[in-house]
Amino acid sequence: MCLVFGLKVGHLLLMLCCWIYSIVPMNWFISGETAVIKADLLGEFTKMWMLRLWGKNSKIQHQYHQYIGSERIRQTCSKMLLVIWVLGWTFASFWVFWYMTSEATEKRKETLANMCDERARMLQDQFNVSMNHIQAMSILISTFHHGKNPSAIDQRTFARYTERTAFERPLTSGVAYAVRVLHSEREQFEKQQGWSIKQMDTHHKNDFASENHEPSPVQEEYAPVIFAQDTVAHVISLDMLSGKEDRDNILRARELGKGVLTAPLKLIKTNRLGVILTFAVYKTDLPPNATPKERIQATDGYLGGIFDIESLVEKLLHQLASKQTILVNVYDTSNQSDPISMYGSKVSDSGMWHVSPLNFGDPSRKHEMQCRFKQKPPWPWLEITASVGMLVIALLAAQIFHATVNRIARVEHEFETMTKLKKQAEAADIAKSQFLATVSHEIRTPMNGVLGMLHMLMDTNLDVTQQDYVRTAQASGKALVSLINEVLDQAKIESGKLELEAVSFDLRAILDDVLSLFSGKSQGKGVELAVYISDQVPEMLVGDPGRFRQIITNLMGNSIKFTEKGHIFVTVYLAEEVMESLEVETDVSSKNTLSGYPVVDRRRSWKEFKLLSQDASNGPLSAETDCIKLIVSVEDTGSGIPVEAQARVFTPFMQVGPSISRLHGGTGIGLSISKHLVGLMKGEIGFASEPNIGSTFTFTALFTNGSSNSNELKSHPINKRLSSLTLEFQGMRALVVDTRPIRAKVSKYHIQRLGILVETTTDLHQGLSAVVSGHTVTDMILIEQEVWDKDVTSPVHIINKLMNIDRGVPPKLFLLANCISSPRSSNTVADFHTPSVIMKPLRASMLAASLQRAMGVVNKGFRRSGEIPSISLCNLLRGRKILVVDDNSVNLRVADGALKKYGAEVVCVDSGKKAITLLTPPHDFDACFMDIQMPEMDGFAATRIIRDLEHSNNDRVQRGEAEAYDNLSNWRVPILAMTADVIQATNDLCQKSGMDGYVSKPFEAEQLYTEVSRFFRSAMDQNI
């Protein structure tokens, strides 16, 4: 029976715990979903544990159900829970009473401490004021009494001065000055003063008449009082060195050079408790760093201030009469074992009290103020009411406890159903993202084959119509690949798998490429397209150039879509520049814009940025010197964004209006992707837009300064070409004529990149006059076509004027044109003198090529865009044996044709295992292009095995166990990854597996040239 009873009690406890765990999560569910999930998991864990326990004890369960039914269990549990509830809240009410009482006591202590500290601070502050004034008086006496002969101070003057300045010494009862007199000077001193030096002995302490005191006994020196305030005039002629406390005080004061205090003592005449503050008066020539011995020798006298502590504290407390709710005692605690009461009565109450220290400037004397409340604390009626009220509420809640159980059970069931549906929705969302990523990637592979074959088809003999068909097919294919890339990026964003690279790149070269991408559309529309990068931005940055290019391309692509006139202007500054001067290119008047059309105020596009709204000294702008924070703006004069649509600009797959997608196309996810990429770059993005005015999108991005690595900067192919161009145009001078300051600034920026010295002017005739009459030679004049077309007669006049220059060859004329149509004035003059036209947008490569053609400059290290990679790749790859590894036959054909076009000998295999066989040392391959996604063995695994084989062969050669093949003792064949998704083949993954880089499929000449030039550069240098 005992066993059965114990089992009943144990199972009751288990059911109680289970019920509590089910109750708690349901209450949490009502208040918040997050807490529900956590508690529900706990409740499920408890139920599983109980079922497991009961499953192991089926016999005990049978006995349990035999003696106790389920209804009885619920009733018993309800009663037990009710009892536990009441007991728990009773305990809680007592705890609340204790807690509130403790809080009230702590608050009472805090109030007492504040009041006591206030009084102590006031007493200490007024004492310090008095002490400072007494010290100032010691300096006055030293200057006008001892420093003047005869003295400028006598007793009458001293008394009048001290009486009039008594308000500056609020705590002093009187001030007296005692002069230092040696024994050898005593007789002469007494004759001069007309009285003898009296002794301040103990039995005359209460007799304040000086004539009743005996003469001071013979001693080495004396300190008779010669000046005194009227309130203490009875101390005149008394020798301060004859009293024990005063003597000790005087000796310490002259030795330390500071004010010192006596112990509390009975004052003469008043017989009240007080202290004396003493300052030594020194000769005026005493150095500030004098030794104690030097100070003693330089002492002229002693100035003392008398403090009647009782009356002074009474006066202080009288000022706070309205707040007199505490009792104050002041003690001298220099002797901790026997403190001296200076003010107040002894209190036997051992209740609440507070001690505030007092510092009167003498480190050898310690004082404190003790404070107590006058009245005892009132009864804690508030605490009693709160605790009883809480208990009453708990008892009322217990009445509805049972009715709540059924409701909680229903809510729990609904919650479980909702949780299952939520998990199903999340699983469907993940499946959707994975499906988009997989399908997008699989579509890219055949599309890359299509684009590769079309690219190879363009190299065959085609007529004009066939070439147009192929170009149309290429454009459509690239548009489809771009759409797939956007869908893939959106899928990666939703799945949280989008990551950034960290490689070195040239920001200016990237923006030049983006300008080239949109130059045709902008010229066709007659829209001016320009880029300006601040000189403060480093040449090289470390970050993800592909994603940065994607952001710029998305923003400029939108601007091109919605802009039919005016301009699109991209600016790049350091965030520090904007912080230091918020007036950088922000004038929105039509006279100070790129095209003359009004634009929105770009400052509105970054007004919500945290980076620009905080103090730079405390914010991240001053965190690290290598961190580069850029602020990029894309300004256009397009149709603008309607006000009602601006809130959903960054929402995925959302268009501004239903007609926008039909007019301009697009998926509506470009800005959403850009916002996420900006966030990954630790930046912010915003915009300002006005209908029929235009829009300005601004974003910030965080990069690392890559210009610190000089070797990497010099080895970069783009920098090498630009360096050669800079040397080619070094020292040349140019004049830019433009009536718009911003447009002239942009032109100057691009021309200066070539190493040309540039001057700007807004007036064409004044500029020409300066060129003709100036002492420096101007090599070229670049005139904005808008300025050139203003006057029909000006072209002939200008050319004739330049031809009459006596100094060598006249400067070359260039027109900066924005429209595809040729300038109107080109037919008005002879062909030899026709100005050369440079089409906008300006880029370094295009500008250099135009100047070379017009000025007859030849640079074998630089050719027009399109010829650079083709000719250089032929020099790099001619005669090279290259292994191509890809499981797709179409990709093999594309890679084979692309590489053979540049003169390479190509061997193709379709698996990683075959590649390992062919690349096992020794072999005669110069490089390997390997796909990273292949069945059985991917490119990363194959590369790791190849590197292991090379390392093993190199070790055998070094140990002499094998002979070097073709005098090559260190095998390492360059392996470049090939992938349809360049973003996945990051440098980290390639380097970890031993690869040397990656190229995209199909091969792009620029990227292929950049990668292979790192390995085959020597051959290129020999052929150029």
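The values are calculated or read from the model by the stated rules, or taken from the named source; none is laboratory data. For clarity, every value in this text was computed on a predicted model and none was experimentally measured. All Cβ positions, glycine included, derive from the backbone under ideal geometry; neighbour counts span all protein chains shown. With ligands, DNA and RNA removed, areas are computed over all heavy atoms of the protein, side chains included. Shrake-Rupley method; radii C 1.70, N 1.55, O 1.52, S 1.80 Å.
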*Determine the pairs where a residue that is farther than 12 Å from THR943 by Cα, located within the stretch 907-922, has a partner that is crowded, with 18+ Cβ neighbours inside 10 Å and among the small types (Gly, Ala, Ser) with Cβ atoms under 8 Å apart, the partner being 6 or more residues away or on another chain.*
CYS908/ALA895; VAL909/ALA915
*Subset of the stretch 882-906 (residues that are closer than 21 Å to THR943 by Cβ and open to solvent by 40 Å² or more (accessible area, probe 1.4 Å))*: ASP887, ASN888
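Go through the stretch 216-228 and give me each residue that's assigned to a loop (DSSP other than H, G, I, E, B), open to solvent by 10 Å² or more (accessible area, probe 1.4 Å) and closer than 20 Å to ASP300 by Cβ. Give the steps one after another, and end with the answer.
Restricting attention to the stretch 216-228, the residues satisfying the condition of being assigned to a loop (DSSP other than H, G, I, E, B) are 216-220, 223.
Remaining after also requiring open to solvent by 10 Å² or more (accessible area, probe 1.4 Å): 217-220.
Within the stretch 216-228, GLN219, GLU220 qualify.
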*Here are some conditions: (1) of a type in the set (Lys, Arg); (2) open to solvent by less than 40 Å² (accessible area, probe 1.4 Å); (3) over 53 Å from the mean Cα position of the chain (by Cα). ARG372 meets all but one. Which one does it not meet?*
(3)
*Restricting the search to the stretch 99-115, which residues are under 16 Å from LYS376 (Cα atoms) and either without any contact (Cβ under 8 Å) to a residue 40 or more places away in the chain or not aliphatic (A, V, I, L, M) (or both)?*
THR101, SER102, THR105, GLU106, LYS107, ARG108, LYS109, GLU110, THR111
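Test GLN474 against the criterion of being surrounded by 15 or more Cβ atoms within 10 Å (Cβ to Cβ), part of a helix (DSSP H, G or I) and either modelled with pLDDT of 75 or more or not assigned by the TED database to the domain that holds ASP489 (or both), and give yes or no. Let's see the steps before the verdict.
Details: surrounded by 15 or more Cβ atoms within 10 Å (Cβ to Cβ): yes; part of a helix (DSSP H, G or I): yes; either modelled with pLDDT of 75 or more or not assigned by the TED database to the domain that holds ASP489 (or both): yes.
So GLN474 fits the description; yes.
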*Of VAL181, VAL232, VAL218, VAL275, which residue is in contact (Cβ under 8 Å) with a residue 24 or more places away in the chain, touching a helix residue (DSSP H, G or I) at 6+ places or on another chain (Cβ under 9 Å) and closer than 29 Å to SER334 by Cα?*
VAL275
_Which numbered condition GLY619 fails, given (1) at pLDDT 90 or above; (2) of a type in the set (Gly, Ala, Ser); (3) surrounded by fewer than 19 Cβ atoms within 10 Å (Cβ to Cβ)_ = (1)
*Mind checking which residues of the stretch 117-145 are aliphatic (A, V, I, L, M) and either out of contact with any Leu (no Cβ under 7 Å at 6 or more places or on another chain) or outside any helix (DSSP H, G or I) (or both)?*
VAL129, ALA136, ILE139, LEU140
_Taking the conditions exactly as written (modelled with pLDDT of 65 or more, touching a Gly at 6+ places or on another chain (Cβ under 6 Å), surrounded by fewer than 16 Cβ atoms within 10 Å (Cβ to Cβ) and over 30 Å from LEU851 (Cβ atoms)), does PRO691 satisfy them or not?_
yes
*Which residues, taken from the stretch 740-759, are in contact with a Lys or Arg (Cβ under 6 Å, 6 or more places away or on another chain) and surrounded by fewer than 19 Cβ atoms within 10 Å (Cβ to Cβ)?*
LEU757
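Please find, within the stretch 259-283, the residue that is surrounded by the fewest Cβ atoms within 10 Å (Cβ to Cβ) out of those that are under 24 Å from LYS148 (Cα atoms) and in contact with a Gly (Cβ under 8 Å, 6 or more places away or on another chain).
Restricting attention to the stretch 259-283, the residues satisfying the condition of being under 24 Å from LYS148 (Cα atoms) are 278-283.
Those still in the list that are in contact with a Gly (Cβ under 8 Å, 6 or more places away or on another chain) too: 278-282.
Values: THR278: 27, PHE279: 25, ALA280: 27, VAL281: 25, TYR282: 22.
In this case the residue turns out to be TYR282.
Just the residues that are at pLDDT 85 or above and open to solvent by 40 Å² or more (accessible area, probe 1.4 Å), please, taken from the stretch 197-213.
Restricting attention to the stretch 197-213, the residues satisfying the condition of being at pLDDT 85 or above are 197-199.
Correct list: GLN199 only.
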*Considering the stretch 231-283 alone, what residues qualify as being in contact with a Ser or Thr (Cβ under 8 Å, 6 or more places away or on another chain), at pLDDT 85 or above and acidic (Asp, Glu)?*
ASP239, ASP248
_Qualifying positions in the stretch 520-530 - within 37 Å of the chain's Cα centre (by Cα) and either part of a helix (DSSP H, G or I) or under 18 Å from ILE628 (Cβ atoms) (or both)_ = none
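Taking the conditions exactly as written (surrounded by 12 or more Cβ atoms within 10 Å (Cβ to Cβ) and not assigned by the TED database to the domain that holds GLN126), does LEU358 satisfy them or not?
Numbers: surrounded by 12 or more Cβ atoms within 10 Å (Cβ to Cβ): yes; not assigned by the TED database to the domain that holds GLN126: yes.
It is true that LEU358 is surrounded by 12 or more Cβ atoms within 10 Å (Cβ to Cβ) and not assigned by the TED database to the domain that holds GLN126.
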*Could you run through the stretch 874-920 and say how many residues are part of a helix (DSSP H, G or I) and of a type in the set (Ser, Thr, Tyr)?*
2
*Can you confirm whether the stretch 726-739 contains a residue that is at pLDDT below 90, closer than 27 Å to GLY638 by Cβ and open to solvent by 10 Å² or more (accessible area, probe 1.4 Å)?*
yes
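Could you run through the stretch 648-678 and say how many residues are in a helix (DSSP H, G or I), modelled with pLDDT of 85 or more and not charged (D, E, K, R)?
Here is the first cut: in the stretch 648-678, the residues in a helix (DSSP H, G or I) are 648, 660-664, 670-678.
Those still in the list that are modelled with pLDDT of 85 or more too: 671-678.
Remaining after also requiring not charged (D, E, K, R): 671-674, 676-678.
Qualifying residue count for the region: 7.
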*Of the residues that make up the stretch 284-299, is at least one crowded, with 17+ Cβ neighbours inside 10 Å, modelled with pLDDT of 80 or more, assigned to a helix (DSSP H, G or I) and in the same structural domain as GLN126 (by the TED database)?*
yes
*What residue, of THR553, THR465, THR445, THR460, is open to solvent by 50 Å² or more (accessible area, probe 1.4 Å), of a type in the set (S, T, N, Q) and assigned to a helix (DSSP H, G or I)?*
THR465
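Of everything in the stretch 927-957 that's touching a strand residue (DSSP E or B) at 6+ places or on another chain (Cβ under 6 Å) and assigned to a helix (DSSP H, G or I), which residue is surrounded by the fewest Cβ atoms within 10 Å (Cβ to Cβ)? Give the derivation first.
Within the stretch 927-957, the first condition is being touching a strand residue (DSSP E or B) at 6+ places or on another chain (Cβ under 6 Å), and the residues that meet it are 927-932, 939, 943.
Okay, now just the ones that are also assigned to a helix (DSSP H, G or I), so 939, 943.
On the way: GLY939: 29, THR943: 26.
Looking at the filtered set, the residue picked out is THR943.
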*In the stretch 482-519, how many residues are part of a helix (DSSP H, G or I), open to solvent by 20 Å² or more (accessible area, probe 1.4 Å) and aliphatic (A, V, I, L, M)?*
4
